[in-house]
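Structure record follows, encoded as structure tokens.
Each value in this text was obtained by applying a stated rule to the coordinates, not by laboratory testing. All values derive from a computational prediction rather than experimental measurement. Virtual Cβ from ideal backbone geometry, glycine too; neighbours counted across all protein chains shown.
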Amino acid sequence: MMIRTTLKYLALCLGLLLFLHPEESYAQQYHVDLGLRSQKAFGLYFENGIVAQFSSDSIAPKRLYLGIGFISSRLGSALGSNAIKQDNYQIWLAYYLKKDHQLRPFFSLGTGYFKADYESPDFKVLDQRSPLLSVTAGLEWASPYQVKVNLALGYNIISGNGEKGPGTLYPTFAQLNFFYPLR
């Protein structure tokens, strides 16, 4: 009985080890990175969420990534406070320079959808939704542990001031992303 239990734990540890240290095969056609994003609008809220990036070896291998993500102040500044709950659904295209270096500059163009929840019918007259259009530039560090960390500064081309567009959609922001390669 004890040997079976030990073998189960060893098999589980081996599986976790293989998952945490995947080897790239030569036949691999695409790459998937799953990650976490923390975004801070300068002068306003922290927003956190989940993101993913996809790259294909047939189109600019490990340089051009298509990304998707959901970030929200519900997972940031609005968690346990009376901050305005706002959600961002994002899609972006990122291009990385110096693909074989440990520090890689990048830039991206993103779009998506922004929605603020003011939680009161009194604020129905204010804009609560907006399309997103943004540009970002930053630097990514490929750690020895396969985790990629990138820091970026961004600018929302479409932003709001309360009279036109949501007042909590600020133009400038910073992002911190952690990506782990799944494939």
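Structural remarks
- Sorted by Cβ density within 10 Å, fewest first, the residues Ser143, Ser38, Ser130: Ser143, Ser38, Ser130
- Quotient of Cα Rg and 2.2 N^0.38 Å for the range 107-183, N being how many residues it contains: 1.41
- The range 117-148: trypsin sites (Lys or Arg not before Pro) falling in loop per DSSP and having at most 10 other Cβ within 10 Å: Lys124
- With a Cα cut-off of under 28 Å and a minimum spacing of 8 residues unless on different chains, the lysine pairs in the range 24-181 number 19.
- With neighbour counts taken as other beta-carbon atoms within 10 Å, the residues Phe123, Phe70 rank, fewest first, as Phe123, Phe70.
- The simple spin-label model puts a point 7 Å past each Cα toward its Cβ; for Lys99 and Ile59 those points are separated by 1.3 nm.
- If the segment from Asp122 to Ser81 were pulled out straight at 0.36 nm per residue, it would be longer than the present Cα-Cα gap by 12.8 nm.
- Fully extending the segment from Phe178 to Asn161, taken as 0.36 nm per residue of separation minus the present Cα-Cα distance, adds 3.1 nm.
- Radius of gyration (Cα atoms) of the range 24-181, expressed as a multiple of 2.2 N^0.38 Å: 1.11.
- In loop segments of the range 46-150 as defined by DSSP, the GluC sites (Glu not before Pro) with at most 13 further C-beta atoms inside 10 Å of their C-beta are Glu119.
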